[in-house]
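S.K.: Below are the structure tokens for one structure; questions will follow.
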Protein chains: 2
Amino acid sequence: MNTITAEIITIGDEILFGQITDTNTQWIGAELSAIGVRTIRKSSVGDHKSEILRILAEAEQRADIVIITGGLGPTKDDITKTTLCEYFGTSLAIHEEALVFVTEFFRKRGREITDINKGQAALPLNATYIPNTRGTAPGMWFQERNTIFVSLPGVPHEMIGLMTDEIIPRLKQSFELPVIYHKMIKTIGIGESFLAERIEAWEDALPSHIKLAYLPSMSMVKLRLTATGTNVDVLEKEVQEQVIKVLPLISPYVFGYDSDEFEDVVAELLKKSGQSLSAAESCTGGYLSHLITKIPGCSAYFEGGVVSYSNEAKMHTLGVQEQTLLAHGAVSEETIREMAEGVRKRFQTTFGLATSGIAGPDGGTAEKPVGTVWIALATPQQTITKKLTLGGTREQNIHQSAISLLNVLRKVLLNIPLD
Amino acid sequence: MNTITAEIITIGDEILFGQITDTNTQWIGAELSAIGVRTIRKSSVGDHKSEILRILAEAEQRADIVIITGGLGPTKDDITKTTLCEYFGTSLAIHEEALVFVTEFFRKRGREITDINKGQAALPLNATYIPNTRGTAPGMWFQERNTIFVSLPGVPHEMIGLMTDEIIPRLKQSFELPVIYHKMIKTIGIGESFLAERIEAWEDALPSHIKLAYLPSMSMVKLRLTATGTNVDVLEKEVQEQVIKVLPLISPYVFGYDSDEFEDVVAELLKKSGQSLSAAESCTGGYLSHLITKIPGCSAYFEGGVVSYSNEAKMHTLGVQEQTLLAHGAVSEETIREMAEGVRKRFQTTFGLATSGIAGPDGGTAEKPVGTVWIALATPQQTITKKLTLGGTREQNIHQSAISLLNVLRKVLLNIPLD
């Protein structure tokens, strides 16, 4: 079976000039992928007839499906319909059904339809009318030569409605589509290249119909497996077998799958454990508590925390000994230990988290350069301390410190040995 | 003078399949527009050599500048560099300067460089090496035939850093660009439509070569004035005159200009004032402290804070009276007042900030629905309290609460009357 390919074309100067965010093409790409249509290109062009004509011709050469959004408004700068007429060698005519709908649309809102708005009901003669219940610009479907062209309004909720209710079902009828199965393995605490080395042999041995992609983001790497075939159950089973094969190589780093978010995973573990938590933050300055408290329902396990930015705060609200600060400084294993144990005691929680470091850009010394961060987790049995050496911007170092500490907590909750 | 045109090409299956949001092309389009370069097309193609080669050839025909992002990672699915070699008929070779940098990059992080990472230092022989201080994938600049090709990593903060520090300045040198002068007026605490009403007459009277754009973001609206002409000093003077005209209409809402960030502006005011600050957070759960502590040098005025999530924490670490909590609840004017005054006293600071509310999605009642938030600022003279009624997601409500409170602090520091 041939792969069915699509191109997505967005029309509008405001997108090219970065004045508005285009959320449509990401959504369309995901929907097409979900039904087994492979998007081979996305393009944005301005409101210029010549550029629109050119990209239509290019896309028709490459793709089975061309989905066009934007440029269907009632004003002068919306030229998609007239350009489509020129491209297909046809002309505009009022579509009766569309006219009734548009007239009704305005009547319902207590407004008389204007001539400009009547124009919304004019469609190219070769267009199949696709009713848009959410706005005045109809969708259009063209089956010309060997390509299907779809023209949709750029307003996201109108586009999404038309795609969901009309276009996706029609595409499923029009093509014999392959079945695609996606699986995402989410890792933390290991860099892309180190991960790649660990799984190189497994990756090289993947069957040709299962593709692997690395999707790195700050302090995490997602592994995306994409299987293409004809039977979703078979594909799911094949992918699951690959996951089982690779897992032993990377299991300590895997925190979840598919739509799992790291903070949610840690929150779930905490909820299940029935344990409670408090945080003492110096260099993370509240960000760690924010990652915990942005999760709904966190009050079930999070008692609170202290942002002990000054040494006074460390002493008076956490009970860090003055001599500890004098002898070892705020960024030291001795201080972080007292911070974690102090906050755990003060808030009477199972776990006490603590961070202290030099986030930068200033404040570094030869002995303790910017990026030196101590993190600690106090438990009823012991206090785990870890030194991080980070090399990012201030905000990245703050983020990395908080995530690394939550990862220590995750490992403790799962009895994963700490490295 | 000819218009200088650009095309932006994004490489990566994950963008075509809608698995990640492409924020890069919007940013690049806006930056190019800001220096008078007209983006004529944006395209995304997959990690497939043939498709990348095809779009490179097409773009070279159409544009003076081709900016390519993505596909520069160290792993097998990143093929941009090898494809560029094939396109330019050259080959990869280790670039000594790049190798030194990458090795150092890992050494700084206490890691040995792997062979895979050494590959990051291999560049096409015809590439000009553009150092990337934020990551391991260098930028590349190619001047071939009549087109400039730029290849950048897809990681947004790396791409933005390279464009800002290296590429934009080089493009300005390489082309005779029209003179464009931008001025951004940044407002907070007033909605787009209300702002538009206040300045309607002024906006209608703007000369035709000065354009106004509203750029709303959460809880802020930026007004961007763009003047086009031939002499930058003239343009700057004309724009400045317009700013002076509009300012009286909106001055209480204006917190800064151009690259000013709200948190930096408040930080500057605090530093100048010589006053100190502490924070007691319930619904913002550490986010407010994070906004304060993400600014370098904040230890000059920020003593610390308490994330008093539980009532116990409110009583024991802030001295909120039990009967206050029993009589009025945690989300009340009485409690927020005691929180602000309590944290100010405990940390012995000039100002004490406090937040308490229902961020959602759960926890709302008929009397106190989700989005009900109390904020307070305790000063040596008085305690200012304010009730917010927010309608966003949990994270939006957290953000809005923190920003609104910092805006109260800004107004107090500037003696702007509170509404």
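The values are calculated or read from the model by the stated rules, or taken from the named source; none is laboratory data. Treat the numbers as computed from the prediction; the structure is a model and nothing was measured. Cβ sites come from the backbone with ideal geometry, for glycine too, and all protein chains shown count toward neighbours. Surface accessibility is based on the protein's heavy atoms, side chains included, excluding ligands, DNA and RNA. Shrake-Rupley method; radii C 1.70, N 1.55, O 1.52, S 1.80 Å.
S.K.: On a 0 to 90 degree scale, rounded to 10, what angle separates helix B:394-413 from the longest Cα axis of chain B?
M.R.: 70
S.K.: State the antiparallel share, in %, of DSSP beta bridges confined to the protein assembly as shown, rounding to the nearest 5.
M.R.: 65
S.K.: Moving on to the next point. If you count, for every residue in B:66-76, the Cβ atoms of partner chains within 10 Å of its Cβ, what is the mean?
M.R.: For this peptide, the per-residue mean of nearby foreign Cβ atoms is 3.
S.K.: Something else about it: Structure shown: which of A:LYS42/B:LYS76; B:LYS81/B:LYS211; A:LYS271/B:LYS108; A:LYS314/B:LYS271; B:LYS42/B:LYS183; A:LYS186/A:LYS368 lie over 29 Å apart, alpha-carbon to alpha-carbon?
M.R.: Beyond 29 Å: B:LYS81/B:LYS211; A:LYS271/B:LYS108; A:LYS186/A:LYS368.
S.K.: Need one number: nm distance between label points at A:ARG109 and B:ARG54, each 7 Å from Cα along Cα→Cβ, rounded to one decimal.
M.R.: Taking the simple label geometry, A:ARG109 and B:ARG54 are separated by 4.0 nm.
S.K.: Going by a 1.4 Å probe on protein heavy atoms, which residues of segment B:307-336 end up with at least 30 Å² less accessible surface in the whole assembly than in their chain alone?
M.R.: At a threshold of 30 Å² (probe 1.4 Å), the residues of segment B:307-336 that become less exposed are B:VAL307, B:TYR309, B:SER310, B:THR317.
S.K.: To continue, here is another question. To the nearest 0.05, what FRET efficiency results for B:LYS345 and B:GLU395 with a Förster distance of 45 Å applied to their C-beta separation?
M.R.: For R0 = 45 Å, the calculated efficiency reads 0.90.
S.K.: Run down the aspartates and glutamates and flag those whose C-alpha is under 13 Å from the C-alpha of B:LYS272, throwing out any fewer than 8 positions away in its chain.
M.R.: Reachable aspartates and glutamates: B:ASP264.
S.K.: Using every pair of alpha-carbon atoms in the protein assembly as shown, split the distances into 20 Å bins beginning at 0 and state the percent of pairs per bin, rounded to integers.
M.R.: 14, 41, 38, 7, 0
S.K.: For segment B:179-257, divide the Cα radius of gyration by the Kirkwood radius and give the resulting Rg/Rh value with two decimals.
M.R.: 0.96
S.K.: Additional query: What per residue convex hull volume, in Å³, comes out for segment A:4-174 when only alpha-carbon positions are used?
M.R.: Cα convex hull per residue, to the nearest whole number: 110 Å³.
S.K.: Follow-up. Can you compute the label reach from B:THR82? Point 7 Å from Cα along the Cβ direction, backbone N cut-off under 16 Å, restricted to segment B:53-68.
M.R.: B:53
S.K.: Let me ask something else about it. Quote the FRET efficiency, to the nearest 0.05, computed for A:ILE168 versus A:LEU247 with a Förster distance R0 of 30 Å and r equal to the Cβ-Cβ distance.
M.R.: For A:ILE168 and A:LEU247, the calculated efficiency is 0.30.
S.K.: Relative contact order of chain A: what whole-number percent is it, with Cα pairs under 8 angstrom and at least 6 residues apart?
M.R.: Contact order relative to length: 10 percent.
S.K.: Follow-up. Give the separation of the Cα centroids, segment A:188-217 to segment B:275-326, in Å.
M.R.: For segment A:188-217 versus segment B:275-326, the Cα centre distance is 43 Å.
S.K.: Next question. Given contacts defined as C-alpha pairs under 8 Å and at least six residues apart, what's the relative contact order of segment B:33-156, whole-number percent?
M.R.: About 27 percent, as a whole number.
S.K.: Now for a different question. Divide by every residue of chain B the summed helix terms, -39500 (n - 2.57) for each DSSP H run of at least 4, and state the resulting mean residue ellipticity at 222 nm, rounded to the nearest 500 deg cm²/dmol.
M.R.: Result for chain B, helices only: -12000 deg cm²/dmol.
S.K.: Now a separate question. Is the shape of segment B:116-196 rounded, prolate or oblate, going by the alpha carbon gyration tensor and its root eigenvalues a ≥ b ≥ c, with a/c under 1.5 for rounded and a/b larger than b/c for prolate?
M.R.: Judged from the Cα gyration tensor, segment B:116-196 comes out oblate (a/c at least 1.5, b/c at or above a/b).
S.K.: What FRET efficiency would be calculated for the residue pair B:GLU322, B:GLU268, taking the C-beta separation as r and a Förster radius of 41 Å, to the nearest 0.05?
M.R.: My answer for the efficiency is 0.55.
S.K.: Excluding residues fewer than 8 places away in the same chain, name every one of the aspartates and glutamates whose C-alpha is closer than 20 Å to that of A:LYS172.
M.R.: Within the straight-line limit of under 20 Å, A:LYS172 reaches these aspartates and glutamates: A:GLU7, A:GLU31, A:GLU60, A:ASP64, A:GLU144, A:ASP233.
S.K.: Counting only other residues whose beta carbon sits under 13 Å from that of A:LEU84, what net charge do I get with K and R as +1, D and E as -1?
M.R.: -2
S.K.: So for the pair B:ASP233, A:LYS387, with labels modelled 7 Å out along Cα→Cβ, what separation do we get in nm?
M.R.: Roughly 5.7 nm, to one decimal.
S.K.: When DSSP assigns beta bridges and you keep just the ones with both residues in segment A:268-414, what percent turn out antiparallel, to the nearest 5?
M.R.: Once the DSSP bridges in segment A:268-414 are tallied, antiparallel ones form about 55 percent.
S.K.: Which value, in debye to the nearest 20, gives the size of the charge dipole of chain A about its Cα centre, when Lys and Arg are +1 and Asp and Glu are -1 at the Cβ?
M.R.: Dipole about the Cα centre, nearest 20: 660 debye.
S.K.: Once you keep just the Cα pairs under 8 angstrom separated by 6 or more residues, what percentage relative contact order results for segment B:179-257?
M.R.: 46
S.K.: Another one. Based on the Cα atoms of segment B:268-414, what semi-axes does the equivalent ellipsoid have, where each is the square root of 5 times one gyration tensor eigenvalue, given in whole Å with the largest first?
M.R.: Ellipsoid semi-axes (Å, largest first): 23, 17, 13.
S.K.: Mind checking the angle between helix A:232-250 and chain A's longest principal axis? C-alpha axes, 0 to 90 degrees, to the nearest 10.
M.R.: Helix A:232-250 and the main axis of chain A meet at about 30 degrees.
S.K.: A follow-up question, please. Which loop-located trypsin sites (Lys or Arg not before Pro) does segment A:1-86 contain, where loop means any DSSP state but H, G, I, E or B and the Cβ has at most 12 other Cβ atoms within 10 Å?
M.R.: A:LYS76
S.K.: Compute the distribution of all C-alpha to C-alpha distances in chain A, in bins of 10 Å from 0, and list the percent of pairs in each, rounded to whole numbers.
M.R.: All Cα pairs considered, the percentages come to 4, 18, 20, 17, 16, 14, 9, 3, 0.
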